Amino acid sequence: MNCLVTGATGFIGAHLVRELVGKGHKVRIIARQKSKTELLAGLNIEIRYGDITKKSSIDGFFDNVDIVFHCAGLLGAFGIDKSTYYDVNVLGTKNVVDVSYGVHVKKFVLCSSAGVIGPTEKYQGDENSLYNPTNVYEQTKMEAEHIVKQGGLDYVILRPGFVYGEGDSHLLELCKALLKRQFCFIGKADAQLQPLYINDLVDAFLLCASNKIHNETYIIAGHEQVSVRDFIMVITQALGIALPRVWIPLWMAYGAALAFEFLAYVTKCKPLVTVQRVKFFTNSRVFTISKAERGLQFHPQTTVSDGVRKTINWYRRQEIL
């Protein structure tokens, strides 16, 4: 199978490329000239340099491609202009879809986000849940889905939940904060999460290549739902440290986040905590994956404790923790 992967130098894309190559598929990636390709070192892949926000720079890259895995995207982060999100997540997707359609790519797989339906709180979100994006990242992912659905391609849209694993910088930051005693629980710390280990997500991508799957959307998440407190407990146990003992009320967390964000704007430094980070630890996001289990035969294999342990061991081998 001839595959093209966008976002291949990122966390999810790099893992997908390694698995595709390992299974004997021919892989072509699109990377910007300044992209770091260390995660792909030693792999037998074809690299084409271009920018998905500039359609002319990727013309000709999709010839003789059977399936496109569109993993490129700009994740939510503090201080990034809204227009940049739209350039990458919306315009970039439109350009990739248009070029794919022009050369009759057989299948198009979009890496979206379960965040497009917003926090789920007291219910399990599913593919029939209404769109309810709560930030510009989720909004642009929603618009990317619309583009793919209207692009004339045979598509599959995957909506991963909270993804972690080797190479993930977000869990690394959380581990560092815990080791430095810079983490505190907010409120009751009972918001529910459904962590998804990266290898399980990659399995879902590979299942999308089936000729039996056409024009479908699937939420992809782990099989365990855990509270924030229990998730932090798993991490601290893997790190070999005590569970944090400091708890602060929600109003105080939001107040601190707003103050840190204001200070960051003034000093141009990274804030210690952001409003979005507070929401991550206080809003429940849980899902049913029954559609993916039936339609894709997707069955996540990794427990939260095993996935966290593997990830932390990798951080330590890389000497970044």
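Every number in this text was worked out from the coordinates using simple rules, so none of it is lab data. This one's a predicted model, so the numbers in the text were calculated from it and none came from an experiment. Reconstructed Cβ throughout: ideal geometry from the backbone, glycine too, with neighbour counts over all protein chains shown.
Taking the condition of being out of contact with any strand residue (DSSP E or B) (no Cβ under 7 Å at 6 or more places or on another chain) and in a loop (DSSP other than H, G, I, E, B), how many residues in segment 266-299 meet it?
Residues meeting the conditions: 11.
Counting only residues that are out of contact with any Pro (no Cβ under 7 Å at 6 or more places or on another chain) and of a type in the set (A, V, I, L, M, F, W, C), which one in segment 114-144 is nearest to Leu74 (Cα to Cα)?
So the residue we want is Val136.
Just name the residue that is nearest to Ser210 (Cα to Cα) out of those in segment 1-23 that are assigned to a helix (DSSP H, G or I) and of a type outside the set (A, V, I, L, M, F, W, C).
Glu19
Only one of these is on the phi > 0 side of the Ramachandran plot and either surrounded by 14 or more Cβ atoms within 10 Å (Cβ to Cβ) or hydrophobic (A, V, I, L, M, F, W, C) (or both): Gly13, Gly7. Name it.
After applying the criteria, what remains is Gly7.
Which members of segment 99-134 meet the condition of being hydroxyl-bearing (Ser, Thr, Tyr), assigned to a loop (DSSP other than H, G, I, E, B) and surrounded by 15 or more Cβ atoms within 10 Å (Cβ to Cβ)?
Within segment 99-134, Ser112, Ser113, Thr120, Ser129, Thr134 meet the criteria.
Given the structure, is Ser227 within 24 Å of Arg159 (Cα to Cα), in contact (Cβ under 8 Å) with a residue 60 or more places away in the chain and not basic (Lys, Arg)?
It is false that Ser227 is within 24 Å of Arg159 (Cα to Cα), in contact (Cβ under 8 Å) with a residue 60 or more places away in the chain and not basic (Lys, Arg).
Among the residues in segment 104-115, are any of a type in the set (A, V, I, L, M), within 22 Å of Ala264 (Cβ to Cβ), in contact (Cβ under 8 Å) with a residue 24 or more places away in the chain and in contact with a Lys or Arg (Cβ under 9 Å, 6 or more places away or on another chain)?
Scanning segment 104-115 turns up no residue that is of a type in the set (A, V, I, L, M), within 22 Å of Ala264 (Cβ to Cβ), in contact (Cβ under 8 Å) with a residue 24 or more places away in the chain and in contact with a Lys or Arg (Cβ under 9 Å, 6 or more places away or on another chain).
Go through (1) of a type in the set (S, T, N, Q); (2) touching a Pro at 6+ places or on another chain (Cβ under 8 Å); (3) surrounded by fewer than 13 Cβ atoms within 10 Å (Cβ to Cβ) one by one and return the number of the condition Thr236 breaks.
(3)
When you scan segment 204-225, do you find a residue that is of a type outside the set (A, V, I, L, M, F, W, C), surrounded by 18 or more Cβ atoms within 10 Å (Cβ to Cβ), in a helix (DSSP H, G or I) and over 13 Å from the mean Cα position of the chain (by Cα), even just one?
Scanning segment 204-225, I find no residue that is of a type outside the set (A, V, I, L, M, F, W, C), surrounded by 18 or more Cβ atoms within 10 Å (Cβ to Cβ), in a helix (DSSP H, G or I) and over 13 Å from the mean Cα position of the chain (by Cα), so the answer is no.
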